[in-house]
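S.K.: This is the structure I want to talk about, given as structure tokens.
The values are calculated or read from the model by the stated rules, or taken from the named source; none is laboratory data. Here the structure is a predicted model, which is why all the values come from computation and not from measurement. Virtual Cβ from ideal backbone geometry, glycine too; neighbours counted across all protein chains shown. These accessible areas exclude ligands, DNA and RNA; they are computed on the full protein's heavy atoms, side chains included. Shrake-Rupley method; radii C 1.70, N 1.55, O 1.52, S 1.80 Å.
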Amino acid sequence: MADRKATLTVDGLDKAIELPVYSGSMGPDVVDVRDLVGQGIFTYDPGFMATSSCQSAITYIDGEQGMLLHRGYPIDQLAESSNYVELCYLLLFGELPNDEQYTDFESRITNHTMVHDQINNFFKGFRRDAHPMSILCGVVGGLAAFYHDHMDITQPEDREISAIRLIAKMPTIAAMSYKYNVGQPFRCPRNDLGYAENFLHMMFSTPCERYEVNPVFAKAMDRIFMLHADHEQNASTSTVRLAGSTGANPFACISAGIAALWGPAHGGANEAVLAMLDEIGDDSEENIQRFINKAKDKDDNFKLMGFGHRVYRNFDPRAKVMKETTDEVLAQLGRADDPQLRIAKRLEQIALEDEYFIERQLYPNVDFYSGIILKAMGIPTNMFTVIFAVARTIGWISHWNEMLSDSYKINRPRQLYTGHTKRDYPTK
Ligand code: SDX
């Protein structure tokens, strides 16, 4: 337990309060404030800027250094040498798999990629122009109706099969939401294809002709999945943990995570970046400067989408890898001079030289370049956050599983009440 203490003195309290201080394996120490309740005091931290909600061993972020580690492995090394299925194993079980473990894990995922045939009927209730995130939210939550056989969250084997089912079925449901939007028939997963390749097959193949997935796109897609896999206690992961702390089933918890991710301040930013680049239109100096000025204008709620981060006060390491991958993919497509890539690079260059962004330590985040690659692959912008959700499912379910594998309490924050004091109902 703690061998160090923090001492808090509060005006009006006759004695100081001693609070335990804990150190993790990396990162800032934490002050355990739970005893404050007994002293009739709460902490106050809107937006949880300085609050550790839990202990976790899955992912570590150092915002000052722009460092991201998954079970200790740096994201740039994983992106270079690993693949998404192996990263899923690492995040869920804590260590890299040996060949036999990898083969078994990949085979279990492959054999769960199909969805129950009745799930096809869910889609018919949506308008054809429904945003695919709304479809994903609904259908994933609805999976709970199909898997009562293994939903005892106190049982590790039930938690594991739910994780496998979610990792496996998210790409299938995501591709179905796209096919429903464009009015094409759903495509079944193929067991002879890899994870990312299978997703692109389900997205773009049709019954009318043979479809070969472009290997450049499959590799880029796998890397995009890896770069979005997990990111500590971000808003959507915290949502999944909070929902899971009530004992809700894993499908409902992941549906809650999808809902939280949808917001433009979070996972919805990748779609918003493309809309912003469309709005900017050309990479002329005055045009880009006009949008930089809008982003700096206090009276204008325009923000530079894909810029800034709650934790990173330096480059988001994922943005660096994403930018390299964007250059690679577009060069291989003979589109190194893509106009939107030109605008994005110019925007980044001007912003990073501007005092406003420097002072606030605002750098490109994971969403700034991802949309340009996805668009180059022919993926519509309304599918960008869906792809983020597919990728992040392993992060969400790994944190959910980590929480349930340990002792936990229902997450129930308190408040600073500023409403009316007690008053009587007026007598008539
Ligand atoms: C993701 O948490 C995670 O880990 C998330 C994520 C993950 O993998 O799970 O990394 C994924 O969500 C990445 C972020 C995607 N969102 C965007 O790109 C949207 C644009 N970014 C901003 O909305 C903002 O930067 C946030 C929401 C990301 C962070 O906001 P904070 O930490 O609450 O910071 P803030 O809004 O208080 O900003 C501090 C200052 C403010 O100016 P002042 O009031 O100090 O004068 O910086 C300004 C803000 O106005 N600012 C921006 C800006 N981001 C912050 N100004 C212009 N453009 C921006 N993008």
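S.K.: Probe radius 1.4 Å, ligands and nucleic acids left out: which of 297, 35, 11 has the largest accessible area, and how do the rest follow?
M.R.: Details: 297 65, 35 90, 11 155 Å².
Output order, biggest surface exposure first: 11, 35, 297.
S.K.: Something else about it: Can you give the translational diffusion coefficient of the chain in µm²/s, computed by Stokes-Einstein from the Kirkwood radius over Cα pairs at 4 °C and 1.567 mPa s?
M.R.: Working: Rh = 23.4 Å.
It comes out at roughly 55 µm²/s.
S.K.: Dipole of the chain, Cα-centred, from +1 at each Lys and Arg C-beta and -1 at each Asp and Glu C-beta, to the nearest 20 debye?
M.R.: Result for the chain is approximately 1520 debye, rounded to the nearest 20.
S.K.: Follow-up question, since we're still on this one. On the accessible surface of the range 315-412, probed at 1.4 Å, how many percent belong to carbon and sulfur atoms?
M.R.: Exposed carbon and sulfur together represent 48 percent of the surface.
S.K.: Taking 8 Å as the Cα distance limit and 6 or more residues as the minimum spacing, I'd like the relative contact order of the chain as a percentage.
M.R.: Relative contact order for the chain comes out at 20 percent.
S.K.: What do you reckon, how do 137, 54, 88 stack up by accessible area (1.4 Å probe), largest on top?
M.R.: So, going from the largest accessible area down, we get 54, 137, 88.
S.K.: Quick one: net charge of residue 42's neighbours, Cβ under 15 Å, K/R +1, D/E -1?
M.R.: Every neighbour counted, the sum reads 0.
S.K.: Considering only protein heavy atoms and a 1.4 Å probe, what is the carbon-and-sulfur percentage of the accessible area of the range 1-113?
M.R.: 49
S.K.: Between the range 337-403 and the range 67-118, what is the separation of their alpha carbon centroids in Å?
M.R.: 22
S.K.: Rolling a 1.4 angstrom probe over the protein heavy atoms, how many square angstrom per residue are accessible across the chain?
M.R.: Details: 21510 Å² over 428 residues.
Per-residue value: 50 Å².
S.K.: For n ≥ 4 DSSP H runs only, could you compute -39500 (n - 2.57) per run for the chain, divide by its residues and tell me the 222 nm figure to the nearest 500?
M.R.: -15000 deg cm²/dmol
S.K.: Decide, for the range 285-372, between rounded, prolate and oblate: order the square roots of the alpha carbon gyration tensor eigenvalues as a ≥ b ≥ c, take rounded if a/c falls under 1.5, and otherwise choose prolate if a/b is larger than b/c, else oblate. Could you put the intermediate results ahead of the total?
M.R.: Details: a/c = 2.39, a/b = 1.44, b/c = 1.65.
Oblate, because a/c is 1.5 or more while a/b does not exceed b/c.
S.K.: While we're looking at this one, here's another question. Report, to the nearest whole %, how much of the accessible area of the range 118-226 belongs to carbon and sulfur atoms, 1.4 Å probe, protein only.
M.R.: 53
S.K.: Follow-up. For the chain, build the charge dipole from Cβ charges (+1 Lys, Arg; -1 Asp, Glu) around the Cα centre, then report which of 371, 401, 118 sits farthest towards its positive end.
M.R.: Projecting each Cα onto the dipole axis, the largest value belongs to 118.
S.K.: Still on this structure, I have one more. Using a ≥ b ≥ c from the Cα gyration tensor of the range 247-336 (square roots of the eigenvalues), is it rounded, prolate or oblate, where a/c under 1.5 gives rounded and otherwise the larger of a/b and b/c decides, a/b for prolate?
M.R.: Oblate, because a/c is 1.5 or more while a/b does not exceed b/c.
S.K.: Can you tell me which of 237-245, 94-102 comes out highest on packing, and rank the rest after it, using the mean Cβ neighbours within 10 Å?
M.R.: 237-245, 94-102
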